[in-house]
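The values are calculated or read from the model by the stated rules, or taken from the named source; none is laboratory data. Just so we're clear, the structure is a prediction, and the values are computed from it rather than from any experiment. Ideal geometry is used to build each Cβ from the backbone, glycine not excepted, and the neighbour counts take in all protein chains shown. Only protein heavy atoms, including side chains, enter the accessible area calculation; ligands, DNA and RNA are left aside. Shrake-Rupley method; radii C 1.70, N 1.55, O 1.52, S 1.80 Å.
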Amino acid sequence: MFKRLRNRFLVVNLVSISIMMLVAFATIYIITYQNVQRETNMELFKVSDFYHSPYPSSKMPHGDDAITGNPPSDVQQNGPGGDPNSPPGRSVSFMVKTDNEWNITDSQSRFSMEEPFYAEALEKVDKAERAERKTGQFALDGTNWAYVIDPSSDGHMVVFIDVTAQQGILTNLIYTFTIVGLFMLIVIYFLSRYFANRSIAPVKEAFDKQKQFIADASHELKTPLAIINTNTDVLLANREDTINNQSKWLHYIKSETERMSRLTSDLLYLTEIDDSRSTMIHSKFDMSDAVETIILTMEAVIFEKNISLDYSIEPELMVHGNSEQIKQVILILLDNAVKYSKAKGAVNVSLKKHNHEVVLAVSNTGEGIAPEHLDRIFDRFYRTDASRARKHGGHGLGLAIAKSIVDQHKGQIYARSVVGEGATFYVRLTSF
């Protein structure tokens, strides 16, 4: 499913970028094409105006100039554009005069050209009758020519200039756009693939966690439901027996019902925490007082389990948050420390200020937590030993609740442990 989602993202991204690149390249090409055509027409009309003006024969090449293709001596002296009656020095041009039947009557060129060439060039001209100037272009023998037709009463005058260089610019521009476009699409494909994988990874992780959550919740509910169902069958099988004689089965049913009730309450609480992140009212409160209050409520339980308790609390450490939720975090950590402490073990609680943070540490002496479990113990329903957790009445949501609360307070919660010696849980909150 996620692979198909990624592929769809890639296709949409590449199509969108391709369209944008195509529009951008087309815009650049059209603007360049218009500029080239405008410059070509300006040069063409300038050459046409030259051929229209009365010029002496000395302006046209003859003798050695006609053979070598050099411009006449006065053009060499004055340079391109030095004489208003000379055509642009950079242009290769020629002129053909025809009668009304398009028969050549005269031809002039600054360069030596053969007579058949004039006829071939004239054949490429669009000879549609028009009363005004008309321009056009054609290719002949690998050279691109632009022309302008000037009609007159006794025929036509057609002026030609070489525009191979200008057309080469447009052709190279197309090749450049094609190569750059293909290269950019390849680069964009791999970049899009990389970012698509990174974007989908959190979604996939959340989806996998949701699936795991549903499976774990179903498993947690399945066991008590099976026990309740079995004990109910026993009761129904002995309908004539007294309630007193069947109190054992009723006790089992009640115990598992209470377990299911605690489970659903914790699940609802987790949901409420997630939904109320932006609406929960926070205020400044005394963290030292909150820790002492929870320790007092747990002293009887700790004494009953024959576990020694040692604590060190710096006074009047203030934090900003919801005091009831923070108390619940302290209770969860202290309750876990007591539950998973070894017989005649010890629990230590410390609260101190470190730089700009208040650090709560709750440790115990016990079996500890293996390194491979440290990163996952805050996941919902995750337990390092399911049988021991069930024995102690846990279902793997306490630490998940604690982490959600600490995250809501923009703090940190983590654990460190030495296998066989015990574990320590840390909570860091910003101090005020």
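In whole percent, how big is the carbon plus sulfur part of the accessible area of segment 142-188, probe 1.4 Å, protein atoms only?
After summing per-atom areas, the C and S share lands at 70 percent.
Points 7 angstrom from Cα along the Cβ direction at Y269 and H320: gap in nanometres?
2.6
Keeping all protein chains in place, calculate the accessible area per residue for the chain (probe 1.4 angstrom), answer in Å².
I get 59 Å² per residue for this part.
For the chain, just say rounded, prolate or oblate: build the C-alpha gyration tensor, square-root its eigenvalues into a ≥ b ≥ c, call rounded for a/c under 1.5, and beyond that prolate if a/b exceeds b/c, oblate if not.
prolate
Calculated FRET efficiency, T430 and F45, Cβ-Cβ r, R0 60 Å, to nearest 0.05?
It comes to 0.20.
Could you give the length gained on full extension between K3 and H251, defined as 0.36 nm per residue of separation minus the Cα-Cα distance, in nm?
Here the segment from K3 to H251 would lengthen by 84.2 nm.
Compare the peptides 17-29, 154-166, 282-294 by average per-residue count of other Cβ atoms within 10 angstrom and give them in order, highest first.
154-166, 282-294, 17-29
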